[in-house]
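Below is one structure, written out as structure tokens; the observations come after it.
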């Protein structure tokens, strides 16, 4: 789990239950995507204000694509 700490102390991350994020302060959680199957049983990652990724045969593949896209496009760059 990567935590990005801004100069004002704000933290940005992809939500996970690996850490108790509430212990770090008040939370503001926003949905970034939806993972859903289609009528053919293929899985799609539908990014909010972004692309629709897929189709994938397995849900786990859609989840991995979702995390990769969000990490690259929505999180601050690693320095």
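Laboratory data are not the source of any read-out in this text; all were calculated from the coordinates shown. Since the model is a prediction, treat every value here as computed from it, not as a measurement. As a convention, Cβ positions derive from the backbone with ideal geometry for all residues, glycine included, and neighbour counts pool all protein chains shown.
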* Do the sum for the chain: with -39,500 (n - 2.57) for every DSSP H run of n ≥ 4, divided by all residues, what is the mean residue ellipticity at 222 nm, to the nearest 500 deg cm²/dmol? -> -6500 deg cm²/dmol
* **Cα Rg, Dmax (largest Cα-Cα span) when computed across the stretch 31-70, Å** => 9.0, 25
* Asked: So for 18, 5, 67, fewest C-beta neighbours within 10 Å to most, what's the order?
  -> 18, 5, 67
* the chain, relative contact order [Cα under 8 Å, separation at least 6], % -> 21 percent
* **Angle between the chain longest axis and helix 59-74 axis [Cα atoms, degrees, rounded to 10]** => 40 degrees
* Roughly what % of Cα-Cα distances in the chain sit above 14 Å, to the whole percent? -> 65 percent
* Asked: When a footprinting reagent is the concern and you count Cβ atoms within 10 Å, what order do 39, 66, 10 take, fewest first?
  -> 39, 10, 66
